[in-house]
1. Hey, any hits in the range 98-105 for a residue that's within 22 Å of K28 (Cβ to Cβ), surrounded by 10 or more Cβ atoms within 10 Å (Cβ to Cβ), at pLDDT 75 or above and within 15 Å of the chain's Cα centre (by Cα)?
2. For the range 1-81, please list each of the strands (runs of 3 or more DSSP E) lying entirely inside it that holds at least 3 residues being in contact (Cβ under 8 Å) with a residue 40 or more places away in the chain, exposed (fewer than 12 other Cβ atoms within 10 Å of the Cβ) and aliphatic (A, V, I, L, M).
Amino acid sequence: MAILELQKISKAFGGVQAVDGLDLGVEKGEILGLIGPNGAGKTTTFNLISGVYPPSRGRVLFEGKDITGMKAHKVVIMGIARIFQITSLFRGYTVLENVLTGFHLYLRSGLWSSLFPTTESINRYRG
């Protein structure tokens, strides 16, 4: 069973069909790439998975749960997030402060466990 599954997912922006009936399954531990020319729908597909856009049609399943149209902040808590190709760091931050920006979801548990998160403390916030 796929950990992530797209079933006939589609997204239209007005008269432009960005993604049309895409079926995709990703097995646990599998690493896949999505390639294609500019305008092929790669970014739109990631935005559909991560909850940035709701699909026009189709379903997104994660660990067997239907997350179609779920808001991005809820999808991130489940363990799906997208990152951007930003090559610069935050100016004026230390290396540690730059790294810790990726842990902002887990800072509710206190400084010590945020600096040194365990698998248990991370799983607690995935919901």
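The values are calculated or read from the model by the stated rules, or taken from the named source; none is laboratory data. As the structure is a computational prediction, the values presented were derived from the model and not from experiment. Reconstructed Cβ throughout: ideal geometry from the backbone, glycine too, with neighbour counts over all protein chains shown.
1. No, that holds for no residue.
2. none
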